[in-house]
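Participant: If you scroll down you'll find the structure; I have some questions about it.
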């Protein structure tokens, strides 16, 4: 692929999946169920299609947004954001962009607690862990429910 076309494509992806743009549609992702059912791409799909560096950059973009929007006295440093991006990519690549939208909306609204004017890697990773645990629990419940429905249908 021509490098100019590839750069244009990546720029379009960054704009399309930027937090500013995704937050405009955050009302459509009100629950974890909405995020799961969304047609949004996963973080892992960006790695497959555009590489690890590009995907870390996309996550960095989201963390910069969070750092800015919260207007904290002690925001994360550039090095902390870079390390946190790498950690998020390594541990949570199964999440979709819709999950990031909902997660960041919840963080910004204070659903995950107080920041005490400080954001850190451990706080961000705790937010991701809590969200992912909730997501996995919901997916497990949905799977059990679907299984019971299939058993019930086969008994009829």
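Participant: Would you please classify the overall shape of the stretch 8-47 from the alpha carbon gyration tensor, given that a ≥ b ≥ c denote the square roots of the eigenvalues, rounded means a/c under 1.5, and beyond that prolate means a/b larger than b/c while oblate covers the rest? Working shown, then result.
Facilitator: Working: a/c = 3.30, a/b = 1.47, b/c = 2.25.
Oblate is the answer for the stretch 8-47, as a/c is 1.5 or above yet b/c matches or exceeds a/b.
Participant: Once you sort the root eigenvalues of the Cα gyration tensor of the stretch 3-155 as a ≥ b ≥ c, which label holds: rounded (a/c under 1.5), prolate (a/b larger than b/c) or oblate (the other case)?
Facilitator: Oblate is the answer for the stretch 3-155, as a/c is 1.5 or above yet b/c matches or exceeds a/b.
Participant: Something else: Which whole-angstrom value gives the distance between the alpha carbon centres of the stretch 7-81 and the stretch 94-156?
Facilitator: After rounding, the separation between the Cα centres reads 16 Å.
Participant: Within a 10 angstrom radius of the beta carbon, how do 127, 61 rank from fewest other beta carbons to most?
Facilitator: 61, 127
Participant: How long is the gain from residue 77 to residue 136 if the chain were fully straight, where each residue apart is worth 0.36 nm and the alpha carbon distance is subtracted?
Facilitator: Numbers: separation 59, 0.36 × 59 = 21.24 nm, distance 3.07 nm.
Contour length minus Cα-Cα distance gives 18.2 nm.
Participant: Rank the residues 31, 101 as a footprinting-exposure proxy: fewest other Cβ atoms within 10 Å of their Cβ go first.
Facilitator: 31, 101
Participant: What is the packing order of peptides 86-98, 47-59, taking the mean over residues of other C-beta atoms within 10 Å and listing the highest first? Could you put the intermediate results ahead of the total?
Facilitator: On the way: 86-98: 17.9, 47-59: 16.2.
In decreasing order of mean packing, 86-98, 47-59 become 86-98, 47-59.
Values in this text are rule-based calculations from the coordinates and carry no lab data. As the structure is a prediction and not an experimental result, all values here were calculated from the model. All Cβ positions, glycine included, derive from the backbone under ideal geometry; neighbour counts span all protein chains shown.
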